[in-house]
Amino acid sequence: MAQDILVPEVSDGVTEGTVISVVVAVGDTVEVDQTLLELETDKAVVALPAPFAGVITEIKVAEGDTVPIGAVVMLGEPGGAAAPAPAAPAETLPAPAAPEPTPRPEPLPPSPAAAPPPPPADAPFDQAVDLGAVRGGDQVAPAAPSIRRLARDLGVDIHQVQGTGPGGRIGEDDVRAFVRAALGQIRSGAASPGGEFAGLHAQRPLPDFTKWGGVTVEPLSKVRQITADAMSYAWSTVPMVTQHDKADITDLETFRRNFNLKAPDTAKLTMTAILIKVCAAALRAFPQFNTSLDLARKELIFKNYIHVGVAVDTPGGLLVPVVRDADTKGIEQLAVELNELAAKTRERRVSPADMEGGTFTISNLGGIGGTAFDPIVYAPQVAILGVSRSALQPVWGGTDFVPRNVMPLSLTYDHRVIDGAIGARFLRWICAALEEPINLAMKG
Amino acid sequence: MSEQNTPPTKTQLVIVGGGPGGYHAAFKAAALGLEVTIVDPEANPGGVCLHRGCIPSKALLHVAKLVSEAREAAEIGVEFAAPKIDVDKVRAWKDEVVGKLTGALGQKVVKEKLTHLRGMARFKDAHTLTVLTDDGESELAFEQAIVATGSRPIMLPGVATGDRILDSTGALELADVPASLLVVGGGYIGLELGSAYAALGSTVSVVEMTNGLLPGCDRDLVSTLKRRLDKKFDKIMLNTKLAEMKETDRGVAVAFEDKKGERTEQTFDKVLVSIGRRPNTENLGLENTKIELDEKGFVKVDGQRRTAEPHVFAIGDIAGEPMLAHKAYGEADVAAEAAAGRKAVYEPRAIPAVVFTDPEIAWCGLTETEARAQKIKIKTAKLPWRGNGRTLTLGRDDGITKLIVDPESDRLLGMAVAGPGAGELIAEGVLALEMAAVSEDLRRTIHPHPTLSETVYDAAGMLYEP
Ligand SMILES: Cc1cc2nc3c(=O)[nH]c(=O)nc-3n(C[C@H](O)[C@H](O)[C@H](O)COP(=O)(O)OP(=O)(O)OC[C@H]3O[C@@H](n4cnc5c(N)ncnc54)[C@H](O)[C@@H]3O)c2cc1C
C-alpha cells in the first residue's frame with residue numbers, strides 16, 4: 001500500500017522550500033535515508049531522505065516547485081529487504097517520522113539578507129586570540145585541526161596540553177582533562193585566572209547613574225580590587241555559618257590595664273594580642289580550624305604551623321598582616337610584634353610577604369563599636385573571628401546582678417569543613433580561656 | 001556581473017583581487033553574514049590560477065598525457081598513428097575550460113549578492129580605497145579589507161616579453177607550437193609548461209642556473225622525474241647561466257655560460273622565461289597605510305593574516321611562500337572568519353606541493369632535504385613503485401613513496417611521492433599530518449587493492465610491523 005512522503009520540519013521558522021533537484025525516478029528502489037530530492041530553504045539546502053525502504057510510485061513535484069513543509073512530494077510502496085512491514089493499516093500510521101534532515105556537506109551559503117546580523121566592525125579586536133601560540137609546520141601541536149580549534153575556543157594553549165594518544169597525539173579528552181585540572185587549580189587557589197577581574201562574575205550591567213544626578217568616578221585602588229576579588233570569591237564559593245558568643249573579660253581587662261601602666265609604648269598589651277594567643281591555643285586544640293579544603297583533589301590540608309592574620313584598618317583600605325608561629329610565642333612577644341606590624345601596616349610599609357600564609361584571621365572592630373557582625377572567611381582559610389565592642393553588662397552572679405565587662409565574639413567558619421557543634425565548642429573554648437586564663441594552661 | 005552604474009561608496013568588507021584567495025574569502029565572508037565588495041580587473045573572478053595559471057596549464061598537461069600514453073602504448077601492443085594536433089582546437093578547449101570555471105564564479109558573485117567592482121584598487125588611507133574602473137575613479141570606504149592581489153612573473157633584467165620571448169602567461173595562450181623552445185628556469189612552472197610543449201611537438205631544452213631541477217625539492221623525487229624528462233626534453237642544462245639573449249627574425253639567439261665560464265650559442269624559435277614570481281605589492285598605495293613588507297617584498301602578516309593595520313588582512317601570493325592556490329584558500333578561510341569575529345588562526349601543519357609533470361611529484365610536511373639541513377632526527381621509509389601491482393598494470397615502473405617520521409614518537413613528519421597520480425596520493429599524507437598520525441595508523445588503515453595508494457600502506461609497513 002503506497003505511503004505519502006512528506007516534506008519534514010527543516011528548522012524553526014522555515015515554512016517552505018524550493019525543489020532544486022529530484023534525485024530519484026518513479027520505479028526506483030530506494031533505501032531508508034537515501035536522498036530523494038534536494039530542497040533549498042532560506043536557511044540551507046537540505047536533502048529529503050527516504051523515510052522507508054521501498055519503491056517510489058509517484059513523484060508529485062518537479063524541479064523549481066516551491067513546496068510547503070508537510071506537503072506530500074512523493075508516494076512510495078514500502079518493501080524490500082530493509083523495510084519493516086507496516087504493522088497497522090496505512091490510515092492509522094503516524095506520518096513517517098522523517099529523520100533530522102541532513103544538510104548537504106557544503107550547504108550553499110545563505111544570501112546576506114537572510115544571514116545573521118553582521119558583527120560590529122570592531123568585534124574582531126575584542127575577540128582577541130592568543131596569536132603567540134600560533135605555529136606552522138612541524139611546530140604545530142600534534143592534534144587534529146578540530147581539536148586545535150576546540151582548544152582555541154576554550155582559550156587553552158594547546159602546547160601546554162600533554163597528549164596521551166599514540167606518539168603523544170592530543171585528543172579531545174586531553175584538552176578537556178587539561179581544562180578540568182586548570183579549573184581545579186584556580187578553585188583551590190593554586191592558580192589565579194588570568195585576564196579579566198576575577199570577581200567580575202557577579203557584575204550586572206549598571207544603570208546610567210547620571211540620569212539621576214551628577215557622579216564622580218574613581219578608579220579602584222589595588223587594595224580595593226584584591227579585597228573585592230577575595231570577598232566575592234569567598235562569598236560565592238564558601239558556605240559560611242557565623243556563631244556568636246560572649247566572654248566575660250572583667251578580670252582580664254584589669255590585668256591588662258595594670259600591665260600597661262608599667263609597659264613602654266612599644267610593648268603595650270592590646271586585647272588583640274591576647275586574642276592571638278588564645279586563638280593559637282584554640283587552633284592547636286581544634287586542628288580542623290587550621291586547614292584548607294582542596295575539593296578538586298578531595299583532600300583537607302592541615303597546616304602544622306599557626307600564623308594568625310589580623311585585619312588592620314588603614315587609610316588605603318583593609319590589610320591583613322600575619323603574625324607567624326603565634327602558638328610558640330608568649331603574649332608579651334606577640335604584643336610587641338603586633339604593635340610593630342600594625343604600625344608598619346598603617347604606614348603602608350608592610351611587604352606582601354608579611355601578609356601571606358595566614359591560617360586564621362582576627363578582625364577586631366571593638367575599638368569602633370558594634371554589638372556583633374558576621375565576618376567573611378578569608379578563603380582558603382576556613383575560619384575567622386570577629387570581635388565587637390566590650391561593654392559593662394549586668395550579669396547574674398547567683399544572688400544578684402553584677403556589672404561585668406563582656407566582649408561579644410563572632411566566629412564565621414566554612415561549613416564544608418566544620419560542623420556546627422564543633423564551631424560552637426571552639427568559640428566557647430575561646431570564651432572560657434578569656435574568662436579564666438588558667439584554662440589556657442590547663443587545656444592548651 | 002554585478003558592476004553597478006553608481007559604484008558604492010562604502011562597504012563592510014572589501015576584497016582586493018579576485019584570485020583564489022580573493023574569491024574564496026569573499027564567498028566565505030558573505031556566508032558568515034558580512035556585506036562584501038570585491039575589486040578585480042577581470043570580467044569574472046579567477047585570478048592567475050584560473051585565467052593564466054593552474055587551470056590552463058593543467059588542461060595543456062592533460063593533452064600531453066594523452067599524447068605520451070598513446071605513444072607508449074606501442075610497448076604493450078597497442079599502436080596509434082602519430083597524433084595530429086589541431087592547435088586552434090586545443091586552445092579553444094583550454095579556453096572553454098577556463099571560461100566555464102570563471103563563468104561559474106561570476107554567477108556565484110551575482111547569486112550571493114556580492115558587489116563586484118571591475119577595476120584596480122589602491123589605498124588612499126587605511127580606511128579608503130581609490131577604485132579605478134572604466135567609468136573613472138571613485139572612492140570606497142571600508143570597515144575591513146582582505147588584500148589578495150597575487151603575484152606576477154619575474155622577467156630577466158632588460159628583457160621584454162613579445163612574440164618570441166614569453167612568460168608563463170604568454171606560453172599558456174598557446175599562439176602556436178614552436179619547433180624549438182628554451183625554458184629558462186627549472187622550477188615547476190617551467191617544467192610543467194615545457195612538458196606540455198614537448199608533447200605538442202616542440203623540441204624543448206631547459207637551462208637552470210643551480211645544480212638541479214626544482215631547487216629545494218627532495219632529490220629522490222627530482223631524480224625520478226629527471227630520468228623521464230631526460231627522454232622527453234632535448235637537453236637539460238644544469239649549472240648553466242643564460243649569458244645573453246637577442247630576438248632576431250629567425251628566432252631568439254641565446255648564449256649560455258657553464259660553470260667553467262665556457263660559452264655556447266644556440267637559436268630557439270621561442271623562449272619561455274620562468275624564473276619565479278613576485279608579489280603584486282606595488283601601486284597599491286600601501287605607503288598610505290601602516291602595512292609593512294618583508295625583505296622579499298611579501299606583506300607582513302600575523303597568525304590571523306592581519307597586516308600592521310589590524311583591520312586589513314593579506315592572503316595568497318602577496319602574503320608569502322608557498323605561492324600556491326590552496327594555500328591562498330586556507331588563508332582566505334581564516335581571514336574571512338577572523339573578519340567575521342571568529343577566533344580562527346592560520347596554522348597548517350602541512351601545505352602540499354604538487355608538480356604536474358609526468359611523473360607527477362608531490363610532497364607535504366618536512367622534506368628529507370630540510371631535515372638533513374636542519375639536523376632534525378628522522379627515520380624514513382622509501383618504497384619504490386616497481387613492486388606495486390597497479391603501477392605495472394599502468395605500464396609503468398617509475399615512482400617512489402617516501403614517509404618521514406620522528407624516530408621517537410613514530411609520528412609522521414612528511415611524505416613525498418613521485419609517480420603518476422602523486423598529486424592525488426599526497427592528500428592522504430596531508431590528512432595524516434594534520435591528524436598527527438603515526439606510522440601504525442597508516443599501516444592499520446586498509447587501503448584499496450590494487451591501487452597506487454597501497455604504496456603508502458607498504459611504506460608504513462617498513463616503519464611499523466603489527
Ligand atoms: C603557470 C602557473 C601554474 C600554476 N599552477 C598551480 C598549481 O597547479 N597549483 C597551485 O596551487 N598553484 C599554481 N599556480 C600558482 C597560483 O596560480 C597562485 O598561487 C594563485 O593564483 C594565487 O592566488 P592569489 O589569490 O594570491 O592571487 P592571484 O591568483 O594572483 O590573483 C590576484 C588577482 O588580483 C588582481 N589584482 C592585482 N592587483 C589588483 C589591484 N590593485 N586591485 C584589484 N585587483 C588587483 C589580479 O588581476 C588578479 O586577478 C600556478 C601559477 C602559474 C603562473
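The values are calculated or read from the model by the stated rules, or taken from the named source; none is laboratory data. Remember, it's a predicted structure, so these values are computed and weren't measured experimentally. Methodologically, a virtual Cβ is constructed for each residue, glycine included, from the backbone with ideal geometry; neighbour enumeration extends over all protein chains shown. Areas reflect the complete protein model, heavy atoms only, side chains present, ligands, DNA and RNA absent. Shrake-Rupley method; radii C 1.70, N 1.55, O 1.52, S 1.80 Å.
What is the one condition in (1) open to solvent by less than 40 Å² (accessible area, probe 1.4 Å); (2) more than 21 Å from A:ARG425 (Cα to Cα); (3) without any contact (Cβ under 8 Å) to a residue 40 or more places away in the chain that A:LEU334 does not satisfy?
With respect to (1) open to solvent by less than 40 Å² (accessible area, probe 1.4 Å); (2) more than 21 Å from A:ARG425 (Cα to Cα); (3) without any contact (Cβ under 8 Å) to a residue 40 or more places away in the chain, A:LEU334 is out only on (3).
Would you be able to tell me the number of residues in the stretch B:359-396 that are in a strand (DSSP E or B) and without any contact (Cβ under 8 Å) to a residue 60 or more places away in the chain? Reasoning before the result, please.
Start the filter on the stretch B:359-396 by keeping residues that are in a strand (DSSP E or B), which leaves B:360-365, B:379-384.
With the extra rule that they be without any contact (Cβ under 8 Å) to a residue 60 or more places away in the chain, the set shrinks to B:380, B:384.
Number of matching residues: 2.
When the stretch B:86-143 is examined, which residues are found to be of a type in the set (D, E, K, R), more than 30 Å from B:GLY341 (Cβ to Cβ) and within 16 Å of the ligand (Cβ to nearest atom)? Lay out the reasoning, then the answer.
Step one: filter the stretch B:86-143 for residues of a type in the set (D, E, K, R), giving B:86, B:88-89, B:91, B:94-96, B:100, B:108, B:111-113, B:118, B:122, B:124-125, B:134-135, B:137, B:139, B:143.
Checking the rest, the ones that are also more than 30 Å from B:GLY341 (Cβ to Cβ) come to B:86, B:88-89, B:91, B:94-96, B:100, B:134-135, B:137.
Selection gives B:ARG91, B:LYS94, B:ASP95, B:ASP134, B:ASP135, B:GLU137.
Look through the stretch B:405-424, keep the residues that are buried (at least 24 other Cβ atoms within 10 Å of the Cβ) and touching a residue at least 60 places away in the same chain (Cβ under 8 Å), and return whichever of them is nearest to the other protein chains (Cβ to nearest Cβ).
Checking each candidate, the answer is B:GLY414.
Taking interchain pairs and intrachain pairs at least six residues apart, which have beta carbon atoms under 7 angstrom, with the first residue in the stretch B:256-285 and open to solvent by 60 Å² or more (accessible area, probe 1.4 Å) and the second within 10 Å of the ligand (Cβ to nearest atom)?
If the second residue must be within 10 Å of the ligand (Cβ to nearest atom), the pairs left are B:ARG278/B:SER151; B:ARG278/B:ARG152; B:ASN283/B:ARG122.
Is there any pair linking a residue in the stretch A:216-234 that is of a type in the set (Asp, Glu) to one that is not in a loop (DSSP other than H, G, I, E, B), with Cβ under 7 Å and at least six apart or on different chains, and which?
Close Cβ pairs satisfying both conditions: A:ASP229/A:ALA198; A:ASP229/A:GLY199.
Suppose the filter is open to solvent by 30 Å² or more (accessible area, probe 1.4 Å) and more than 10 Å from chain A (Cβ to nearest Cβ); does B:PRO322 pass it? Talk me through it step by step, then tell me what you get.
Numbers: open to solvent by 30 Å² or more (accessible area, probe 1.4 Å): yes; more than 10 Å from chain A (Cβ to nearest Cβ): yes.
When the stated conditions are applied, B:PRO322 passes them.
Filtering the stretch B:296-337 down to residues that are of a type in the set (Phe, Trp, Tyr) and touching a residue at least 24 places away in the same chain (Cβ under 8 Å), which residue is farthest from the ligand (Cβ to nearest atom)?
Taking the stretch B:296-337 and keeping what is of a type in the set (Phe, Trp, Tyr), we get B:298, B:313, B:329.
Still in the list and also touching a residue at least 24 places away in the same chain (Cβ under 8 Å): B:313, B:329.
On the way: B:PHE313: 12, B:TYR329: 9 Å.
Here the residue is B:PHE313.
Taking A:ILE301 and the conditions (1) surrounded by 19 or more Cβ atoms within 10 Å (Cβ to Cβ); (2) in contact with a strand residue (DSSP E or B) (Cβ under 6 Å, 6 or more places away or on another chain), which numbered condition does it fall short on, given that it satisfies the others?
Just one mismatch for A:ILE301, condition (1).
In this structure, is B:ALA336 within 14 Å of another protein chain (Cβ to nearest Cβ), open to solvent by less than 20 Å² (accessible area, probe 1.4 Å), closer than 21 Å to B:ARG349 by Cα and touching an Asp or Glu at 6+ places or on another chain (Cβ under 7 Å)?
no
State all residues of the stretch A:367-395 that are of a type in the set (Gly, Ala, Ser), part of a loop (DSSP other than H, G, I, E, B) and in contact (Cβ under 8 Å) with a residue 40 or more places away in the chain; if no residue qualifies, say none. Don't jump to the end; show me each part of the working.
Within the stretch A:367-395, the subset of a type in the set (Gly, Ala, Ser) is A:367, A:369-370, A:372, A:379, A:383, A:386, A:388, A:390-391.
From what's left, part of a loop (DSSP other than H, G, I, E, B): A:367, A:369-370, A:372, A:379, A:388, A:390.
Result: A:ALA372, A:ALA379, A:SER390.
For B:LYS246, all conditions in the list (1) closer than 18 Å to B:VAL159 by Cα; (2) modelled with pLDDT of 95 or more; (3) not acidic (Asp, Glu) hold save one; what is the number of the exception?
(2)
Would you point out which residue out of A:ASN364, A:ASN304 is closer than 22 Å to A:TRP429 by Cβ and free of Cβ contacts under 8 Å to residues at least 12 places away in the same chain? So that I can check it myself, show each step before the final result.
Numbers: A:ASN364 fails: free of Cβ contacts under 8 Å to residues at least 12 places away in the same chain.
Unique residue meeting the criteria: A:ASN304.
Return the pair list, or none, for Cβ contacts closer than 8 Å from residues in the stretch B:12-33 that are facing chain A (nearest Cβ under 9 Å) to residues that are within 9 Å of the ligand (Cβ to nearest atom), at least 6 apart or on different chains.
B:LYS28/B:ALA332
Within 14 Å of another protein chain (Cβ to nearest Cβ) and either within 15 Å of the ligand (Cβ to nearest atom) or in contact with a helix residue (DSSP H, G or I) (Cβ under 9 Å, 6 or more places away or on another chain) (or both): does that describe B:ILE146? Quick ask: steps written out before the conclusion?
Numbers: within 14 Å of another protein chain (Cβ to nearest Cβ): yes; either within 15 Å of the ligand (Cβ to nearest atom) or in contact with a helix residue (DSSP H, G or I) (Cβ under 9 Å, 6 or more places away or on another chain) (or both): yes.
Considered against the rule, which asks whether it is within 14 Å of another protein chain (Cβ to nearest Cβ) and either within 15 Å of the ligand (Cβ to nearest atom) or in contact with a helix residue (DSSP H, G or I) (Cβ under 9 Å, 6 or more places away or on another chain) (or both), B:ILE146 comes out as yes.
Can you name every residue in the stretch A:302-326 that is modelled with pLDDT under 95 and not in a loop (DSSP other than H, G, I, E, B)?
A:VAL312, A:ASP313, A:THR314, A:GLY317, A:LEU318, A:LEU319
Taking strands (runs of 3 or more DSSP E) that fall entirely within the stretch B:66-177, which contain at least 3 residues that are touching a His at 6+ places or on another chain (Cβ under 9 Å)? If you could, list the steps in order and put the result at the bottom.
Numbers: elements: B:115-125, B:128-133, B:136-147, B:151-153.
Answer list for the stretch B:66-177: B:136-147.
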